[in-house]
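Just so it is clear, none of the values below were taken in a lab; they were calculated from the coordinates. No experiment lies behind these values; they were computed from the predicted model shown. Glycine also receives a Cβ, built like all others from the backbone with ideal geometry; neighbour counts cover every protein chain displayed.
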Amino acid sequence: MSDTQTSDPVIARHDQYMTLNYPRFAITMVEGSGCRLTDAEGNGYLDLFSGFGAGILGHCHADLVAAGTKQMNKLWHVGNLLHTKPQTRLAEHIAEKGFGGRSFFSHSGADANEAAVKLARLYGKQNPGNATHAFGRFKVISTTRSFHGRSFATMGATGNEAVRRGFEPLLPGFVNVPYNDLAAVEAELDETAIAIIVEPIQGEGGVHVPDETYLPKLRKLCDERDLLLVCDEVWTGCGRTGKYFAYQHFGVEPDVMTLGKAVGCGLPVGVMCAGPKAADCFDTAKMGRVTHATTLGGNCVSMAVAARLFEVLDSDNLIERAALAGEQVKSRLLAFAEKADAVAEVRGKGLFIGVELAEPIAADVVQTCLERGVLLNATQGNVVRLAPPLIVTDEELDEGLSVLEGVLTG
């Protein structure tokens with residue numbers, strides 16, 4: 001994946017003028033349509049990862065292009081001291097498809113989780129309970145293998161040492177416990193605890209699906225202890241798992257939900273949606289001040305595109321499509337795993353699937369698939385992730401899975 005392996009002048013200029021945060025493939029993409037990408041040399045690729053799940057309707061979807069173009073020709077940005085129709089329309093969609101909460105708009109999933117943490121701390125100040133600590137209730141419980149962002153607050157919540165290394169001292173008030181382990185959560189429920197933040201299905205951790213009772217039991221704990229249950233749906237929201245939001249698979253409702261990635265369809269959108277238990281902590285009139293804000297969050301163009309997403313999900317029956325296609329993919333991969341020593345486990349819901357390998361060779365597998373024209377992703381060393389656009393056809397899935405199976409067989 002070294003940039004020096006190509007003569008592409010764009011890459012040479014990148015290496016001169018940009019920080020080298022990412023281990024980029026030596027490819028410059030110049031065009032996309034549907035589930036297909038084209039690079040600067042004219043090579044085509046089948047995209048089954050959709051830009052870390054953000055391109056949930058694929059590349060240059062006609063309805064999204066139309067919505068964005070129409071809004072760009074009308075109004076871009078006025079700031080959040082004024083009302084705009086696109087913001088209100090998107091907030092309505094999220095409330096109607098979810099649990100009726102109130103939305104705060106930002107730029108990314110990390111921003112949304114940062115807002116959720118701030119909301120939780122405000123709620124702790126408003127509802128101190130029997131806490132004797134000088135700061136009252138402020139501790140946020142999250143899980144190992146989780147990913148909630150790279151800001152200073154969300155680094156503490158993210159259960160991945162590699163994300164935190166070198167940035168110490170971290171912001172206090174966070175603790176990580178094993179995922180899918182209720183007893184581990186209970187052990188941390190001291191007088192300072194105020195919230196539990198959890199991915200209904202872990203994304204960067206390797207597409208781990210919890211037991212059916214895990215989220216309901218977390219919900220019960222939060223109700224008993226007056227804690228906020230925060231569901232991080234940055235990876236799983238907006239239909240990817242075969243439900244509008246993944247918490248809906250488990251028969252619970254969170255107090256707070258965060259969105260990113262897919263909700264903006266590739267544009268920078270983050271959402272923190274809060275139910276009635278905590279939303280008032282961001283109410284300027286009730287709090288007597290502005291407790292959280294952002295300048296460009298909720299800009300008209302991004303909001304218009306995100307609102308159109310929910311309309312397309314409904315009109316094109318893409319939630320049902322994700323559920324059905326996901327089961328077909330899992331069934332095929334499970335059948336392949338029975339005869340392939342390379343595969344240890346297949347898991348996921350909808351079109352969010354992790355293929356755990358018997359050896360930590362996921363990056364090599366993804367590299368070889370890319371060389372054969374299929375874009376996938378590696379995480380945790382031994383997991384290959386599939387997160388295609390929901391518009392992917394059966395033929396495209398067959399094409400991509402055939403390449404993956406061929407590489408794993410080899």
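Sequence gap at least 6, Cα distance under 8 Å: using those rules, report the relative contact order of segment 149-295 to the nearest whole percent.
About 14 percent, as a whole number.
How big is segment 76-121 by the Kirkwood estimate over distinct Cα pairs, in Å?
12.0 Å
Amide H of residue 139 versus every other amide H placed in the peptide plane: which residues, excluding those fewer than 5 positions away on the same chain, fall under 5 Å?
For residue 139, the qualifying residues are 193, 194.
Relative to 2.2 N^0.38 Å, what does the C-alpha radius of gyration of segment 227-380 come to as a ratio? Two decimals please.
Taking the Cα Rg and dividing by 2.2 N^0.38 Å, one obtains 1.29.
Rounded to whole Å and sorted largest first, what semi-axes of the equivalent ellipsoid does the C-alpha gyration tensor of segment 313-410 yield via the square root of 5 times each eigenvalue?
One finds semi-axes of 23, 14, 12 Å for segment 313-410.
Are there chymotrypsin sites (Phe, Trp or Tyr not before Pro) in segment 33-88 that DSSP marks as loop and that have at most 14 other Cβ atoms within 10 Å, and which are they?
76
Determine, at each q value in 0.10 (inverse angstroms), the log₁₀ of I(q)/I(0) that the Debye formula gives when each Cα of segment 97-227 is one equal point scatterer.
Those come out to -0.31, one per q.
Where the Cα atoms of segment 362-410 are projected onto their three principal axes, how long is each span, largest first, in whole Å?
Here the Cα extents, ordered largest to smallest, are 28, 21, 15 Å.
Please report, to one decimal in angstroms, the Kirkwood hydrodynamic radius of segment 170-313 built from all distinct Cα-Cα pairs.
Kirkwood radius, segment 170-313: 16.7 Å.
For helix 362-371, report the angle its Cα long axis makes with the longest principal axis of the Cα atoms of the chain; keep it between 0 and 90° and round to the nearest 10°.
Around 50 degrees separate the two axes.
Once label points are set 7 Å from the Cα along Cα→Cβ at both residue 220 and residue 13, what is their separation, rounded to one decimal in nm?
Simple spin-label model gives 6.0 nm for this pair.
Are there any GluC sites (Glu not before Pro) in segment 24-132 that are in a DSSP loop and have at most 15 other Cβ atoms within 10 Å? List them by number.
Passing both the DSSP loop test and the Cβ count: 41.
Note down the nm distance, to one decimal, between modelled labels 7 Å out along Cα→Cβ at residue 22 and at residue 283.
Computed distance between label sites residue 22 and residue 283 equals 4.1 nm.
Angle, helix 109-126 long axis vs. longest principal axis of the chain, Cα atoms, 0 to 90°, nearest 10?
That works out to roughly 10 degrees.
Taking only the Cα atoms of segment 1-103, how large is their convex hull per residue, in Å³?
184 Å³
How long are the semi-axes of the ellipsoid equivalent to segment 248-312, from square roots of 5 times the Cα gyration tensor eigenvalues, in whole Å, largest first?
23, 19, 9
List the trypsin sites (Lys or Arg not before Pro) within segment 136-200 that DSSP assigns to loop and that have no more than 14 neighbouring Cβ atoms inside 10 Å.
150, 165
Only helical DSSP H runs with n ≥ 4 go in: add -39500 (n - 2.57) per run for the chain, normalise by residue count and round the 222 nm mean residue ellipticity to 500 deg cm²/dmol.
Value at 222 nm, helices only: -10500 deg cm²/dmol.
Setting aside same-chain residues fewer than 8 positions from residue 125, which lysines have a Cα under 26 Å from its Cα?
The reachable lysines, counting only those whose Cα sits under 26 Å from residue 125, are 139, 217, 220, 277, 286.
Using a Debye calculation, one point per C-alpha and no hydration shell, please list log10 I(q)/I(0) for segment 45-101 at q = 0.15, 0.19, 0.24, 0.30 Å⁻¹ in order.
Computed log10 I(q)/I(0) values: -0.67, -0.95, -1.07, -1.09.
Quick one: give the max-minus-min coordinate of the C-alpha atoms of the chain along each principal axis, largest first, in Å.
Projected onto the principal axes, the Cα atoms of the chain cover 61, 52, 45 Å.
Can you work out ³J(HN,Hα) from phi for every residue in segment 297-308, in order, using Karplus 6.51 cos²θ - 1.76 cosθ + 1.60 and θ = phi - 60°, giving whole Hz and x for Gly and Pro?
x, x, 4, 4, 5, 4, 5, 5, 5, 5, 5, 5
Output the Kirkwood hydrodynamic radius of segment 74-174, Cα pairs only, in Å rounded to one decimal.
16.0 Å
So between residue 96 and residue 291, what do we pick up on full extension, going 0.36 nm a residue minus the alpha carbon distance?
Full-extension gain reported as 67.6 nm.
If you stretched the chain out fully between residue 320 and residue 358, how much longer would it get, using 0.36 nm times the residue separation minus the C-alpha to C-alpha distance?
10.5 nm
At R0 = 25 Å, how high is the FRET efficiency between residue 31 and residue 164 if r is their beta carbon distance? Nearest 0.05 is fine.
Step by step, r from the Cβ atoms, then E = 0.10.
In whole Å, what are the Cα extents of segment 156-254 along the three principal axes, biggest one first?
39, 30, 19
Can you say what percent of the DSSP beta bridges in the chain, counting only those with both residues inside, are antiparallel? Round to 5.
About 65 percent, rounded to the nearest 5.
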